[in-house]
Each structure stands twice: as C-alpha cells, then as structure tokens.
Amino acid sequence: TIKNILVISGVIFLSSFTTMKGSKQTELNEIKNTVESIIYWIGEDVYNGRIYQEYADTYVDNLEGILESIEKLQDE
C-alpha cells in the first residue's frame with residue numbers, strides 16, 4: 001500500500017542521513033587526529049633543532065585554527 005511505501009521510504013531516508021552524518025563525523029575526527037599529530041611532531045622538531053621556534057609557532061597557530069574550525073563543524 002502507499003502508506004507502507006511512504007514508511008519504508010522515510011526509514012531509508014533517515015538511515016541514509018544518519019550514515020552521512022556519521023561518515024562526516026568520522027572524517028572530521030580523522031582530520032582532527034592528523035592535525036593534532038602534526039602539532040606534536042612540530043614540537044618534536046623544535047626540541048631536536050630541526051625547525052626554529054618562531055616558524056613552529058606560526059604553523060601551530062594555523063593548525064589550532066583548523067582544530068577550532070573542525071570543532072565548530074562537529075557542533076553543527
């Protein structure tokens with residue numbers, strides 16, 4: 001019947017939305033983890049004398065901006 005088709009269509013639509021939202025969250029988490037890892041390794045590079053602190057500060061400031069953007073997207 002038409003009612004059953006509408007119910008099934010609604011369930012499929014909602015499950016696809018949940019999957020897309022979950023997929024988006026997974027991708028944002030991966031980006032966040034990568035950015036945090038880069039920040040860590042920049043700190044290691046400074047400690048080991050591979051990069052100047054002034055350069056590292058600029059990179060870390062920009063990366064922290066990316067983290068803030070990710071958090072805003074995750075809150076949506």
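The values are calculated or read from the model by the stated rules, or taken from the named source; none is laboratory data. Everything quoted here is computed from the prediction, not taken from an experiment. Glycine also receives a Cβ, built like all others from the backbone with ideal geometry; neighbour counts cover every protein chain displayed.
Given the structure, is Ile38 among the aliphatic types (A, V, I, L, M) and assigned to a loop (DSSP other than H, G, I, E, B)?
Spelling it out, it is not the case that Ile38 is among the aliphatic types (A, V, I, L, M) and assigned to a loop (DSSP other than H, G, I, E, B).
Could we say that Glu54 is surrounded by 10 or more Cβ atoms within 10 Å (Cβ to Cβ) and not β-branched (Val, Ile, Thr) here?
For Glu54, the condition - surrounded by 10 or more Cβ atoms within 10 Å (Cβ to Cβ) and not β-branched (Val, Ile, Thr) - is not met.
Consider region 28-44. How many of its residues are surrounded by 15 or more Cβ atoms within 10 Å (Cβ to Cβ) and farther than 18 Å from Glu68 by Cα?
1
With respect to Asn33, is the statement that it is modelled with pLDDT of 75 or more, out of contact with any helix residue (DSSP H, G or I) (no Cβ under 8 Å at 6 or more places or on another chain) and in a helix (DSSP H, G or I) true?
yes
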